[in-house]
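*Asks:* Below: one structure in structure tokens.
The values are calculated or read from the model by the stated rules, or taken from the named source; none is laboratory data. None of the values given here were measured: they were computed from a predicted structure. No Cβ is skipped: glycine too gets one built from the backbone with ideal geometry, and neighbour counts run over all protein chains shown. Heads up: the accessible areas ignore ligands, DNA and RNA and are worked out on the full protein's heavy atoms, side chains in. Shrake-Rupley method; radii C 1.70, N 1.55, O 1.52, S 1.80 Å.
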Amino acid sequence: MEVRTVKDQTTVPDVKNLFKQVMEQPERMFEMLEVDIKRQAERAVTELMKAELTEFLGRGRYERESEAEAEERPNYRNGSYRRTFATQALGELELEVPRDRNGEFQSQLIERYRRRESSVDRDIALLFLCGFSTRSVSLVSKALLGTAISPSQVSSVTGELAETVEAWRVRDLSRFDVKYMIVDGVQFPMRTGHTVEKIPMLVAIGVLRETNQKVFLCLQQGSKDSARVWREMFKDMKARGLDPAGIELGIMDGLSGLEHVFAEEFPRAKIQRCQVHVSRNVIAKVPQKRKEEIADRLRDIFYANSRPRAKELYSQFHEDYQREFPSAATSLKNSIERCLTFYSFPEEEWISLRTTNAIERVNKEFKRRTKPMEVLAGERSAYTILSFIALKMEQSWKSAPLGAKNLPVLQKFTQNS
């Protein structure tokens, strides 16, 4: 259905015909109007490009030139060719692109090799970065963007945005005054060559001194069990401007190699061992029917209102279980001092310093957002997608600084207790 126009004015019979069609199928009204607007847009863009060619040649379609002008500028119109161009608002347009005999004319409105409006490319990239696989983006692109995009085209158009995200991942850290650092790792299925393997990704989050806001410091592929990899990661952060003298505390999961390297790279910092990881290790060494009992005793120790009280409860735990569960008692003994480091810091921050939960939540979000993709298509793809997720999370952290005093429910509880 198309409304014909005369000198850009819709005729009365055409309006009546349009009205009749709409009334016969009112549910298709917007579809009919959209088709007409799309066709008029195609005609309008084509006419603009023709006007461009006229300007380029310096004369109108039927305007003759002098012999001197013809010798100086021997160029003429040479018909047109059809091409498609995808737009965000109207979908795919069918255009008639005029051309000149010498092949010198190039429209500034529609670039020669560009097939989509820049906003369409942007939306394709955002869908991909938000967790859609290239295949999924391809499947929904016609409905959401008005044009079908192949998986290979999706990969191609994400390049520019990927460069921006990568620049953020390796950004300068000298402007951040970091006092605490939380480090951990997570694994993702990733394609390496012709196989799929579980590849670890290491994450470091910093807490700013003045605002208690969390920021991402590093996102790096590598084994969490390798002291060498952790050292390279810490050195990379320092090379990007992180001040090692400002770090007061490192929160981590108890890997001996990690703690040793951290202590060497940040000699002024103390170490807090994640109580969740320690509790899991202790509980794993007792029978199933006693796990809840041990978990309650550990919770009493770790959530005591002071270090002396925590040490007192630990001593009682060790006395009660060292003979019955020697492996569990020894496991806790080896970690207890570094599990209680948080008591040296402001009380309102204790709830956030006991564990690596900040990174656990990041890992959970990473996995949730990448689940539809099933497999990450290599290291570069992993950095692009995970860094984009991290960037968005960091923006949300601006309204949720670290510490109990920033959580209304906990603040109310502490005031009433």
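*Asks:* How about the stretch 240-322: which chymotrypsin sites (Phe, Trp or Tyr not before Pro) there are in a DSSP loop, with at most 16 other Cβ atoms within 10 Å of their Cβ? Can you show the working numbers first?
*Replies:* Working: sites: Phe262, Phe302, Tyr303, Tyr314, Phe317, Tyr321; in loops: Tyr303.
Within the stretch 240-322, the qualifying chymotrypsin sites (Phe, Trp or Tyr not before Pro) (loop, at most 16 other Cβ atoms within 10 Å) are Tyr303.
*Asks:* Starting from 0 in steps of 5 Å, tell me what percent of the Cα-Cα pairs of the stretch 165-285 lands in each bin.
*Replies:* P(r) for the stretch 165-285, in whole percents per bin: 2, 11, 20, 23, 19, 13, 7, 4, 1, 0.
*Asks:* At q = 0.13, 0.15, 0.28 Å⁻¹, what base-10 log of I(q)/I(0) does the Debye formula yield for the stretch 293-365 when every alpha carbon is treated as an equal point scatterer in vacuo?
*Replies:* These q points yield log10 I(q)/I(0) values of -0.43, -0.56, -1.29.
*Asks:* How much accessible surface area, in Å² rounded to 10, belongs to the heavy atoms of Ser331 with a 1.4 Å probe?
*Replies:* Here the residue's solvent-accessible area equals roughly 20 Å².
*Asks:* Over the alpha-carbon set of the stretch 238-284, work out the extent along each principal axis and list the three values in angstrom, largest first.
*Replies:* Taking the Cα atoms of the stretch 238-284, the three principal extents are 40, 17, 17 Å.
*Asks:* Over all directions, average the projected area of the Cα convex hull of the stretch 257-378 and note it in nm².
*Replies:* 10.5
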